[in-house]
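The values are calculated or read from the model by the stated rules, or taken from the named source; none is laboratory data. All values reported here derive from a predicted model rather than from experimental measurement. FYI the Cβ positions are ideal-geometry reconstructions off the backbone, even for glycines, and counts take in every protein chain you see. Keep in mind that these areas ignore ligands, DNA and RNA; they rest on the heavy atoms of the full protein, side chains included. Shrake-Rupley method; radii C 1.70, N 1.55, O 1.52, S 1.80 Å.
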Amino acid sequence: MAEPTFADSLDDAKPEEREALIRGVLTRTVGATGWLIEGEEAVAAELRLRVVDGGRNPMAHVPSSVAVFGAMDTDVWTEQVARSYDESSEHMYLPEVLDPTVDFLECRAGHGPALEFAVGTGRVALPLSARGVRVTGIEKSEPMAQELGRKPRGSDVAVIVGDMTVSRAPGTFNLVYLVYNAITCLLSQDEQVACFRNAAKHLEPGGRFVLEVFVPELQRLPPGETARPFHIGDQHVGFDTYDLVNQLLVSHHYTITNGRGSTFLSPHRYVWPSELDLMAKLAGLELSERWADWNETPFTASSRSHVSVWQKPPVCSVSV
């Protein structure tokens, strides 16, 4: 009799048991089912059995993992990815996630204009614009920018197609912001520093640069492990595999829609809060706030993400 596979176990499990099974696989300890999956490639292979055509297609032509890190360029954010991006990120559109984000940014923008780096399909820019904030965006992927433009009131957000490390938007801004871990799409320290410097160039004196990013999960990695789940839902499973030597990771996304599955793998450079503070200092910015989330929960040693605010010093008038 053949040994049960991960897909078989999921099929037999009750709905409330499936998350535990998936979480067990991603941490590579599945003692309850009597088998153990070794290595990230085996984990990805078993998950692919489940996410493609309901587990009937092994999808052998898709590689299990990505070991090569290159520049995060427009080839990653293709037309196909852009079309399905909002659906695959559906959990980020929930009111309890999005409303505090927009509240926070509206408050920091004051009565002035805002610039979003990596504006994407406008998840944050459009509702912020609807609050009366004049929003401009910079986006490297033309397909993502086109998706934004096709949305209702998409024309309210002017988008420059270009690289957020060097591209310039007309004018200056009270607020520049970068959300949803987008700073990690820049795969070198030099690029990340350039992003801070470009933000500073766009800011009015006294203006703020706001960044949302995860705290690297290294303290949660058991010795010898390199994989950590970051989202487990009914239609999406995501986990990161870490390259600890080069401070890089690959995010693996497995999405099921209408019984059919898709995979999306993206490389990132993870970065520590203290490293970001130094980048800000090199750009002439000063840390003014750091929270664990958009609800302004205090940031602690156990926080898994942070929303940080750096400010450009105001111009001091000298009286004679």
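Yes/no matrix, rows are residues, columns are (1) more than 15 Å from the chain's Cα centre (by Cα); (2) surrounded by 15 or more Cβ atoms within 10 Å (Cβ to Cβ); (3) not in a helix (DSSP H, G or I):
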{"residue": "Glu87", "(1), (2), (3)": "no, no, no"}
{"residue": "Asp99", "(1), (2), (3)": "yes, no, no"}
{"residue": "Arg108", "(1), (2), (3)": "yes, yes, no"}
{"residue": "Gly112", "(1), (2), (3)": "yes, yes, yes"}
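Given the condition within 26 Å of Ala169 (Cβ to Cβ) and outside any strand (DSSP E or B), answer yes or no: does some residue in segment 252-273 qualify? Show your work before the answer.
Filtering segment 252-273 down to residues within 26 Å of Ala169 (Cβ to Cβ) leaves 266, 268-269, 271.
Keeping just the survivors that are outside any strand (DSSP E or B) gives 271.
Yes - at least one qualifying residue is present in segment 252-273.
The one condition from (1) crowded, with 19+ Cβ neighbours inside 10 Å; (2) touching a Lys or Arg at 6+ places or on another chain (Cβ under 9 Å); (3) touching a residue at least 40 places away in the same chain (Cβ under 8 Å); (4) part of a strand (DSSP E or B) that Tyr242 does not meet is (3).
Being outside any loop (DSSP other than H, G, I, E, B) and in contact (Cβ under 8 Å) with a residue 24 or more places away in the chain is the filter here; which residues of segment 221-239 pass it? Explain how you work it out, then say what you get.
So in segment 221-239, the residues outside any loop (DSSP other than H, G, I, E, B) come out as 227-232, 236-239.
Correct list: Ala227, Arg228, Pro229, His231, Ile232, His236, Val237, Phe239.
Residues in segment 193-239 that are within 30 Å of Asn174 (Cα to Cα), of a type in the set (Asp, Glu) and open to solvent by less than 50 Å² (accessible area, probe 1.4 Å): Glu212 only.
For segment 144-161, does any single residue satisfy the condition of being charged (D, E, K, R) and closer than 24 Å to Pro313 by Cβ?
Checking segment 144-161: not a single residue is charged (D, E, K, R) and closer than 24 Å to Pro313 by Cβ.
Can we say Ile160 is under 16 Å from the mean Cα position of the chain (by Cα) and surrounded by fewer than 19 Cβ atoms within 10 Å (Cβ to Cβ)?
Numbers: under 16 Å from the mean Cα position of the chain (by Cα): no; surrounded by fewer than 19 Cβ atoms within 10 Å (Cβ to Cβ): yes.
It is false that Ile160 is under 16 Å from the mean Cα position of the chain (by Cα) and surrounded by fewer than 19 Cβ atoms within 10 Å (Cβ to Cβ).
Pairs meeting the criteria (first residue in segment 154-170 and free of Cβ contacts under 8 Å to residues at least 24 places away in the same chain, second residue part of a strand (DSSP E or B) and open to solvent by less than 40 Å² (accessible area, probe 1.4 Å), beta carbons under 7 Å, at least 6 apart or on different chains) are Ala158/Thr136; Val161/Glu139.
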